[in-house]
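Okay, structure first, notes after.
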Amino acid sequence: MRNRADLVIYWGGNPAECHPRHFTKYALMPKGKHLPRGRKDRTMVLVDIRETKSVKAADIFLQIRPGRDFEVLTILRAIVKGQYVNPAMVAETGLTIEQLRDLVDRMKRARFGVMFFGMGLSMTRGKHMNSSAILTLAAELNAYTKFVAMPMRGHGNVTGADVIMRWTTGYPFGISFDRGYPRFNPGEFSTVDLLVRGDTDAALILGADPGATMPQPAIDHLARIPTIVLDPKVTHTSRLARVHITTAVTGISAPGTGYRMDEVPLPLRPALKSPYPTDEEVVRRIHELVRVKPDWLVHQPRTTQQVF
Amino acid sequence: MLRITGGRVYDPANGVDGQIRDVCIADGRIAAAVGDGARTLDASGMVIFPGGVDVHTHVAGGAINFARAMTPEDHRRTVAFIRTQTQRSGLGGMAPTTFATGYLYAGMGWTTLNEAAVPILSAKHTHEELRDVPIVDKSCCVLMANNEIVLDLLENGELERAKQVVAWQIWASKAYGVKAVNPGGVAAWKWGKDAKQLSETVEGYRKLTPGTIITGLAQIIDELGLPHPLHLHCNNLGAPGNYTTTLESMKSLEGHRAHLAHLQYHAYGGDDWNTMRSETEAIADYFNAHSNLTADAGAVLFGNTVTITADGPWQHLLYKLTGRKWGNLDVENETGCGIVPYTYRPSNIVNAVQWASGLELLLMIKDPWRVSLSTDHPNGACFWRYPEILQLLMSADFRRDCMAKMSEEAKRRIRLPELDREYSLFEIAIITSAGPARALGLSNKGHLGIGADADIAVYNQDQDISRMFSHPRYVIKHGEIVIEEGEIRATPLGRSYVIKPQYESTIEEYLRPLFEDCYTMQFENYPVELERVEHAELRNCIPAE
């Protein structure tokens, strides 16, 4: 990226405000081995539904109609392959056919193209279908030039959680252990759905503030059940929780590993000492106390666990 | 303390070929004798092998973890490991989870493995995953042949400085050996190009060729005296007609030690997919005559798997061929990788040639000490299918039965029908344990001599070879019984073997500005701290004079 990407496309994200170091440290400003003039050697395209602070950094801003990402991506794929495009469909996207052709032309001419996509793409109408479309577009562009796509992740060490869940369970999120082994079904086992349906009778919240971001029925349920929050500061969720345990700030007063959005691990070395325990220590002590209780699996009939 | 009595012992490194004798264990090692108070296992009617060693597998790190994310449909239909008081939950299948990986390896009698591809930049991730692979001992190879700092030095002929950098990088990644994948080709892939011929200049360089990278690295590794030689994944993997590239690579290695990874993928003739055929004979002939080389088979079995390799350009080709899912990861300045799920089918002539080629190499290479069993897990097949390959090697009739289902056209392109050799149990013990342990330079593994690590697999003697090797009666790791009649009894943490080659401390001053120029992280954050490697055990290098 730093050394090669001469076409950088941000789609459905606002890095200027949400990932402030992304331009300067990672993708846009740095001078690279094969891009000695840094920013001057790159073209930046921003695709979004509204003008954000990131527009100032863009060479080309493409404003599309809300909820039309999937259509735009599919039309781009058609243009890449030189197929017929229905003008009526183009008109619905809020862009002109010239703008789209120009973008495809730039994509094919790039030596190394990259698309970063944010939650404006992956969490709006179409959801995972949108992510799938942008990844397919990137894959198909490799018939012409080198092209990659990468998600812009949310707050905290979400990539780290994702990575570790994958190696221990095979799945990134939305995992149920209720049969004694990991099962995956987003929409059924993902946190927000469990809470909205009221399926859980306790919650342990670590490194997140669902009280600020989740839909009201989920928040109401968290307030109803015993909720425990581990956080260095008081959050919206701690206010509705039964227990709040103050922990040391990872990276400032607690050591650990952070995973960058591109899954590169970085060691976190604490600069300060904290009077509070680390998240790890709290979870370990809770686990030690839970461990001495009898194993509930032993008392379950084995047959129900061997479905597959 | 433990005594195993009455079993037939196969210990090729010490010349023991199926004699009935006692094996004694004290303090985690093989001992001459133990006292009367020792527990005794009656192994009458059973065979005793040194624990299996896998010289080339992919079980931990960014690439296999990406494959796990890409294949939830496989996780659903696979074996689930249910949590008990001794074992963690997990999933088997094409890309098993870390805990399941340890249980599955130990569950068939394998006790040591070598993770074959680690980029320095994400070595911390690999070591964190390896820590979660229980029971087995581990080592890993760091990827070097597309590292831009090393390539620049080789381009300028600065071999001495390149040696210092390589030594520093091995220690920085806490690796055990050096792996070269498609030398120059992965660097070229960052421009969407490949490097197919050894004498072609690598894209983006003036005169550097894959050939100079290979000889340069092999020489450096010999001079540093690493216990495991250069671990080479040759250029032009998987392509029809690539055997000439492989022969050239082997010739360029004359005078140096080298280990050729998954040789099966590099032994094809023909001009395109329609004319592709096996050229294992040419490869085996050259290999047999040159004792500086070792190899692992990279055998293929029919069925579903997911292919992952640092060979990015090849994976893009495979994606275009199959139209299935494709994941691509580029690791800045060092390497890249691609991931594509794949199904090998006997009705597909190319797949049939691949299946036969792996077996042909194992049968045509005369010295079993120099060829190890591998499937390049998960690329050719999953490691837990090794017993099926052992059955194919031990029974020519079984091979003929399998070939009966193949088309006449496929049979014309392979040599397997002509091969009658059948492996003995003694030879199986060599290719699964003694040989790979020797290739890795692990003197305490792969044999049952006094002082060796007490890693032992005890199998019921059985006509059904596949069943015999799938279900050991006992598996002993470091003197502790970990598997007993299919049940996991204990899940101790294995050790990690790490090498510290000698380098001049001034090399950091040279590296730092280069690093800050082209990487996006701080130099201090780059090396893996030794404390982050669980149960690390340092092994020595013996530098050449």
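Where a number appears in this text, it was derived from the coordinates with a stated rule and is not lab data. Fair warning: this is a prediction, and the values are worked out from it, not measured in the lab. So basically every Cβ, Gly included, is an ideal-geometry build from the backbone, and we count neighbours across all protein chains shown.
Return the subset of A:Lys25/B:Lys193; B:Lys174/B:Lys196; B:Lys138/B:Lys445; A:Lys33/B:Lys193 for which the Cα-Cα distance in this structure is over 23 Å, preserving the input order.
Values: A:Lys25/B:Lys193 27 Å; B:Lys174/B:Lys196 31 Å; B:Lys138/B:Lys445 12 Å; A:Lys33/B:Lys193 18 Å.
Those over the limit are A:Lys25/B:Lys193; B:Lys174/B:Lys196.
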(message) Counting just the Cα atoms, what span does the stretch B:209-360 cover along each of its three principal axes? Round to the nearest Å and put the largest first.
(response) 45, 39, 25
(message) In whole Hz and in residue order, list the ³J(HN,Hα) couplings for the stretch B:63-73 that follow from phi through the Karplus curve 6.51 cos²θ - 1.76 cosθ + 1.60, θ = phi - 60°; x for Gly and Pro.
(response) 6, 5, 5, 5, 5, 4, 5, 7, 10, x, 5
(request) Mind jotting down the distance between the C-alpha centroids of the stretch B:205-256 and the stretch A:200-215, whole Å? (result) 54 Å
(request) Pull up all non-local amide H partners of A:Ala149: gap of 5 or more, or a different chain, and H-to-H distance under 5 Å with H placed in the peptide plane. (result) A:Met115
(request) Give me the aspartates and glutamates in straight-line cross-link reach of A:Lys40: C-alpha distance below 12 Å, same-chain residues under 8 apart excluded. (result) A:Asp6, A:Asp59
(request) In debye, nearest 20, what is the charge dipole magnitude of the stretch A:7-151 about its Cα centre with +1 on Lys and Arg Cβ and -1 on Asp and Glu Cβ, if you could check? (result) 660 debye
(message) At a 10 Å Cβ-Cβ cut-off, how would you order A:Val290, A:Val234, fewest neighbours first?
(response) A:Val290, A:Val234
(request) Read phi for every residue in the stretch A:171-181 and hand back ³J(HN,Hα) as whole Hz from Karplus 6.51 cos²θ - 1.76 cosθ + 1.60, θ = phi - 60°, with x for Gly and Pro. (result) 10, x, 6, x, 10, 10, 10, 5, 9, x, 9
(message) Over the stretch A:158-305, what is the relative contact order in percent, taking alpha-carbon pairs closer than 8 angstrom and at least six residues apart?
(response) 16 percent
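Within the stretch A:38-118, list the trypsin sites (Lys or Arg not before Pro) lying in a DSSP loop whose Cβ has at most 13 other Cβ atoms in a 10 Å radius. Let's see the in-between values first.
Numbers: sites: A:Arg39, A:Lys40, A:Arg42, A:Arg50, A:Lys53, A:Lys56, A:Arg68, A:Arg77, A:Lys81, A:Arg101, A:Arg106, A:Lys108, A:Arg109, A:Arg111; in loops: A:Arg42, A:Arg50, A:Arg68, A:Lys81, A:Arg111.
When the trypsin sites (Lys or Arg not before Pro) of the stretch A:38-118 are filtered for loop state and at most 13 Cβ neighbours within 10 Å, A:Arg50, A:Lys81 remain.
If you place +1 on the Cβ of every Lys and Arg and -1 on the Cβ of every Asp and Glu, how big does the dipole about the Cα centre of the stretch B:48-487 come out, in debye to the nearest 20? Present the calculation step by step, with values, prior to reporting the outcome.
Values: 40 positive and 50 negative charges, 132 e Å.
My answer is approximately 640 debye.
Give the whole-number value, in cubic angstrom per residue, of the convex hull volume spanned by the C-alpha atoms of chain B. Write out the running numbers ahead of the final one.
Working: hull volume 77.1 nm³, N = 545.
Each residue corresponds to 142 Å³ of Cα convex hull volume.
Below 8 Å between Cα atoms, with a sequence gap of 6+, how large is the relative contact order for chain B in percent? Intermediate values should be presented prior to the final figure.
On the way: 1323 pairs, mean separation 114.4, N = 545.
Across chain B, relative contact order equals 21 percent.
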(request) Have a look at A:Ala212, A:Ala57, A:Ala16 and tell me which one the Gaussian network model of chain A (Cα, springs below 10 Å) gives the largest fluctuation. (result) A:Ala212
(request) Within 10 Å of each residue's Cβ, count the other Cβ atoms and sort B:Asp296, B:Asp27 from fewest upward. (result) B:Asp27, B:Asp296
(message) With +1 on the Cβ of every Lys and Arg and -1 on the Cβ of every Asp and Glu, and nothing else charged, how large is the dipole of the stretch A:158-305 about its Cα centre, in debye rounded to the nearest 20?
(response) 340 debye
(message) Over the stretch A:7-151, what is the relative contact order in percent, taking alpha-carbon pairs closer than 8 angstrom and at least six residues apart?
(response) 27 percent
(message) Let's test this: bin the Cα-Cα distances of the stretch A:31-82 at 5 Å from zero up to the farthest pair and state each bin's percent.
(response) 4, 18, 18, 17, 17, 14, 11, 2
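Estimate the FRET efficiency between B:Gln19 and B:Ala396 by the formula 1/(1 + (r/R0)^6), using the beta-carbon distance for r and 30 Å for R0, to the nearest 0.05.
On the way: r = 26 Å, r/R0 = 0.88.
Efficiency, rounded to the nearest 0.05: 0.70.
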(request) Could you pull out every one of the aspartates and glutamates with an alpha carbon less than 14 Å from that of B:Lys325, ignoring same-chain neighbours closer than 8 positions? (result) A:Glu140, B:Glu73, B:Asp74
(request) May I ask what percent, to the nearest 5, of DSSP beta bridges between residues of the protein assembly as shown are antiparallel? (result) 45 percent
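Please order B:Glu509, A:Glu92 by the number of other Cβ within 10 Å, starting at the fewest. All intermediate terms of the calculation are to be shown ahead of the outcome.
On the way: B:Glu509 9, A:Glu92 15.
Fewest-to-most ranking of B:Glu509, A:Glu92: B:Glu509, A:Glu92.
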(request) Express in nm, to one decimal, how much length is gained between A:Asp178 and A:Arg21 on full extension, taking 0.36 nm for each residue of separation and deducting their alpha carbon distance. (result) 52.5 nm
(message) Explain nothing, just compute: Karplus ³J(HN,Hα) = 6.51 cos²θ - 1.76 cosθ + 1.60, θ = phi - 60°, for every residue of the stretch B:423-438 in order, whole Hz, x for Gly and Pro.
(response) 6, 8, 4, 4, 5, 4, 4, 6, 6, 9, 9, 5, x, x, 5, 5
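Can you give the helix-only mean residue ellipticity at 222 nm for chain A, where every DSSP H stretch with n ≥ 4 adds -39500 (n - 2.57) and the sum goes over all residues, rounded to the nearest 500 deg cm²/dmol?
Values: 12 runs with 104 residues, N = 308.
Taking each H run of at least 4 residues, the total per residue is -9500 deg cm²/dmol.
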(request) Find how many whole Å separate the alpha carbon centroid of the stretch A:148-184 from the alpha carbon centroid of the stretch B:117-156. (result) 23 Å
